[in-house]
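Here the structure is laid out as structure tokens; the discussion comes afterwards.
The values are calculated or read from the model by the stated rules, or taken from the named source; none is laboratory data. Everything numeric in this text was worked out from a predicted model, so none of it was measured. Cβ sites come from the backbone with ideal geometry, for glycine too, and all protein chains shown count toward neighbours.
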């Protein structure tokens, strides 16, 4: 009775099973029921009273389940856990819906990130864990409960090192706004390689969905460029960045992206971009890409060990600082 309970709602069950396996646990059983009028309910099938409960559910939209629907299901299930006496409720949301709408960019805009935080708090969630959220400061400021942002950087570094061939890369942010994220990856690569790793970024402006500007700031000629971004939607930003880098004389272009949304026209844009490697995590499946394109152009980096190690440390009261730099260890059973 002392271990954590891990639930994974239906649309996130595959990832949940991988996390449970890494923890050496089984997923806790629950019921999800659909009603004829479109309403639904979810309830735990084991006692949660006094237990440390983790609920894994990604809030990405897909056919048959919008982000709104998934958020509603998560909220109602957490409400049921609180109603039945759960000691502590942690939502593990690798992809957090509405994280990009974190501030007013036009008059009377909603600040939807804050509203998501408020409804999670209202149903009794004690802590939220996510992965490479779009704007860390906005995420942390939106929640009054404990908010934890894990990062895929150590996973990417482990996957990148064999691909660098002993050379020293340049880390590139597709825009100035992502420079801090890229700087953290640069520092981690520099530590692993034992050599100075430079940083570069593109000057870019986005207005009403249109992106302009592709000047490269930083020295990239003759190096392997490693582009880092939190998500890829249409793929046009990544493709523009790759083209600009090649014009400046980079020898190879690798890209690391945490969340692969791959909305249209990504299936047409990305194969033409000519990446030497496109690494993306399995925070959500690349279901919008044809299977042949996904198999040919993507390298999937698994996040289950990272999530499992975070859950173990949170349950045991451990620190996540080392995990953010070193990544998960081979054996993490609780």
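The condition of being within 27 Å of residue 326 (Cβ to Cβ), under 13 Å from the mean Cα position of the chain (by Cα) and not assigned by TED's automatic domain parsing to the domain that holds residue 132 holds for residue 228.
Considering the range 20-51 alone, what residues qualify as being closer than 24 Å to residue 314 by Cα, outside any loop (DSSP other than H, G, I, E, B) and touching a helix residue (DSSP H, G or I) at 6+ places or on another chain (Cβ under 7 Å)? Across the range 20-51, the qualifying residues are 22, 23, 43, 44. Within the range 7-19, identify whether any single residue is assigned to a loop (DSSP other than H, G, I, E, B), surrounded by 14 or more Cβ atoms within 10 Å (Cβ to Cβ) and either modelled with pLDDT of 95 or more or not assigned by TED's automatic domain parsing to the domain that holds residue 264 (or both), and answer yes or no. Yes, the range 7-19 contains a residue that is assigned to a loop (DSSP other than H, G, I, E, B), surrounded by 14 or more Cβ atoms within 10 Å (Cβ to Cβ) and either modelled with pLDDT of 95 or more or not assigned by TED's automatic domain parsing to the domain that holds residue 264 (or both). Listed here are the helices (runs of 4 or more DSSP H) enclosed by the range 79-191 that have at least 2 residues being more than 18 Å from the chain's Cα centre (by Cα) and free of Cβ contacts under 8 Å to residues at least 40 places away in the same chain: 112-122.
The criterion of at least 2 residues that are modelled with pLDDT under 95 and either out of contact with any helix residue (DSSP H, G or I) (no Cβ under 7 Å at 6 or more places or on another chain) or within 24 Å of residue 7 (Cβ to Cβ) (or both) is met by the following helices (runs of 4 or more DSSP H) wholly inside the range 253-334: 321-326. Being assigned to a loop (DSSP other than H, G, I, E, B) and within 26 Å of the chain's Cα centre (by Cα) is a description that applies to residue 58.
If you go through the range 286-299 and keep only what is surrounded by fewer than 19 Cβ atoms within 10 Å (Cβ to Cβ) and either under 25 Å from residue 166 (Cβ atoms) or in contact (Cβ under 8 Å) with a residue 60 or more places away in the chain (or both), you end up with 287, 297, 299.
Every residue, every condition in (1) crowded, with 21+ Cβ neighbours inside 10 Å; (2) modelled with pLDDT of 95 or more; (3) in contact with a helix residue (DSSP H, G or I) (Cβ under 8 Å, 6 or more places away or on another chain); (4) closer than 24 Å to residue 155 by Cα, yes or no:
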site: 199; (1), (2), (3), (4): no, yes, yes, yes
site: 205; (1), (2), (3), (4): no, no, no, no
site: 209; (1), (2), (3), (4): no, no, no, no
site: 219; (1), (2), (3), (4): no, no, no, no
site: 225; (1), (2), (3), (4): yes, yes, yes, yes
site: 228; (1), (2), (3), (4): yes, yes, yes, yes
site: 235; (1), (2), (3), (4): yes, yes, yes, yes
site: 242; (1), (2), (3), (4): yes, yes, yes, yes
site: 246; (1), (2), (3), (4): no, yes, no, no
